Amino acid sequence: MLLTCQAGFESVLVRELADAGVVVGEHGPGWALAADGADVRGLAFPHVTMRGAVEVKGESVNALAGRMIDFFLTSLRGERVDAAWPCVMGGPAELVGLGRRMSGVEKEFHEQLKKRLARVAKLAVADLPRGRGEARGLFVWFTDFGRVFVAREAFMHGQRRMADDDAAPSRSYLKVEEAFVVLGAEPQAGETVADLGAAPGGWSYSAAKRGAAVVAVDNGPLKGGALNNPLIEHCTDDAFHFNFEASKAYDWMLCDLLEEPHHVMKNLIEPWLARGWCKRFVFNLKFGHVDSVALLRELRAPDSPLSRYAPGFMIRHLYHDREEFTVVGEVSAAGELGR
Ligand SMILES: C[S@@+](CC[C@H](N)C(=O)[O-])C[C@H]1O[C@@H](n2cnc3c(N)ncnc32)[C@H](O)[C@@H]1O
């Protein structure tokens, strides 16, 4: 299988795979090639896992497109295509000129497919399906100008580039938008949200935009669409003490603190989950100064607060994340307030 990740994070992806017992053969910017078979759906660093990926080589655009057509048509035998299907090509943006090569191959592939199977060609969609889950189509990854991997099956881990919003006060807004896609749920009108470490307010704005009532906890100022927003109440408390006396339950807890991840887990996330102060959560952990793979191991351990109080949790290195990953989930009814 071929797994893609954010470029620059392939060595961590390789380590995460090794930790899961998956042997990696080769890797490059934004991808790793590994033995098929293992269940990698819960891993944090992969973005797309192309199952049963087959190597195709060709020195020219026409040669590559022709071999991809051969692969596709052979694999299509006996299959009826009646609905839209993803036909997605990608590769490392670092390789100068690769974009042009990819669009050349893509164009030629479609020309040839149109001649052979016009009806199937018309149903192709050049975008990954939204959200997490399995997909069938054609997935192509260029590792070089003359070498691609092609697969019919892929698992989407849920990451994707999000659209910006002019009123959003920070780029961090994109992370929480993407996290809602991974979780498959987002704040609803009338729900309550505690946003811990909220300034300048990107995450609060994202929740308020959906009609939720937000308390934005940060002693820094709110800006842009979060400033004077009637659905956002600014509270200058310390996030590590907020709600400890009131013990109030919120529909959502969002948390994006530039703090040491163990400190955040122990002194904020664990009490919030254990006491059932939120039903759902999105939080970020910065791994710039710790071993990210060791941290993942700790978070997934059977006795970790996440395993105990939110067993369906997911950890993802998002498209919009930097040296951090994002944890999303739902608190099980076992929290103290839920008992
Ligand atoms: C990465 S920024 C949050 C960005 C925000 N999610 C957004 O979308 O605009 C981290 C914020 O955490 C705040 N912060 C750090 N420690 C805090 C604490 N103990 N209590 C409250 N806020 C804290 C900082 O003031 C900073 O504004």
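The values are calculated or read from the model by the stated rules, or taken from the named source; none is laboratory data. These numbers were taken from a predicted model, which means no experiment stands behind them. Note that we place each Cβ from the backbone using ideal geometry, even for glycine, and neighbour counts take in every protein chain shown. All accessible areas refer to the heavy atoms of the entire protein, side chains included, with ligands and DNA or RNA removed. Shrake-Rupley method; radii C 1.70, N 1.55, O 1.52, S 1.80 Å.
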Quiz item: What nm distance separates the two modelled labels at residue 301 and residue 73, each placed 7 Å from Cα along Cα→Cβ?
Solution: 5.7 nm
Exercise. Take every Cα-Cα pair in region 119-160 and report what % of them are more than 11 Å apart.
Key: 70 percent
Quiz item: Using a simple charge model, +1 on the beta-carbon of Lys and Arg, -1 on the beta-carbon of Asp and Glu, nothing else, what dipole does the chain show about its Cα centre, in debye to the nearest 20?
Solution: 1420 debye
Quiz prompt | Over region 1-73, volume per residue of the alpha carbon convex hull, in Å³ | solution = 96 Å³
Quiz item: Taking only Cα atoms, what is the 0 to 90° angle, nearest 10, from helix 61-76's long axis to the longest principal axis of the chain?
Solution: 80 degrees
Quiz item: With respect to the cross-link table entries 122/209; 122/175; 107/175; 57/115; 57/107, which display a Cα-Cα separation exceeding 25 Å?
Solution: 122/209; 122/175; 107/175
Self-check item: Low-density loop cleavage sites - trypsin sites (Lys or Arg not before Pro) in region 63-98, where at most 12 other Cβ are within 10 Å (DSSP)
Solution: 77, 80
Self-check item: Accessible area expressed per residue, region 2-156, with surrounding protein chains retained (probe 1.4 Å, Å²)
Solution: 47 Å²
Quiz prompt | Compactness index (Cα Rg / 2.2 N^0.38 Å), region 135-201 | solution = 1.61
Quiz item: Kirkwood Rh over Cα pairs of region 63-197 into Stokes-Einstein at 37 °C, 0.692 mPa s: D in µm²/s?
Solution: 190 µm²/s
Quiz item: Ignoring any ligand, DNA or RNA, what whole percent of the accessible area of region 172-338 comes from carbon and sulfur when the probe is 1.4 angstrom?
Solution: 51 percent
Quiz item: What are the lysines whose alpha-carbon lies under 17 Å from the alpha-carbon of residue 279, with same-chain residues fewer than 8 places away excluded?
Solution: 248
Practice problem: Using 0.36 nm per residue of separation minus the Cα-Cα distance, give me the extension gain between residue 122 and residue 260 in nm, one decimal. | Solution: 44.6 nm
Self-check item: With Cα atoms, 0 to 90° folded angle of helix 10-19 axis to the chain main axis
Solution: 80 degrees
Quiz item: If eta is 1.306 mPa s and T is 10 °C, what Stokes-Einstein diffusion coefficient results for region 172-338, Kirkwood Rh from Cα pairs, in µm²/s?
Solution: 101 µm²/s
Self-check item: Three-way shape call for region 206-247 based on the alpha-carbon gyration tensor, with the a/c threshold at 1.5
Solution: oblate
Exercise. Check each of the trypsin sites (Lys or Arg not before Pro) in region 87-194 and keep only those in coil by DSSP with at most 15 other C-beta atoms within 10 angstrom; list them in order.
Key: 130, 161, 171
Quiz item: Once label points are set 7 Å from the Cα along Cα→Cβ at both residue 166 and residue 233, what is their separation, rounded to one decimal in nm?
Solution: 3.2 nm
Quiz item: Quick one: helix 98-116 against the long Cα principal axis of the chain, what's the angle to the nearest 10°, folded into 0 to 90?
Solution: 60 degrees
Self-check item: All-pairs Cα distance distribution in the chain, expressed in whole percent, bin size 10 Å
Solution: 5, 24, 29, 21, 14, 6, 1
Quiz item: Any idea how far the Cα center of region 1-55 sits from the one of region 241-298, in Å?
Solution: 28 Å
Quiz item: Over the chain, what relative contact order in percent results from Cα pairs under 8 Å that are six or more residues apart?
Solution: 14 percent
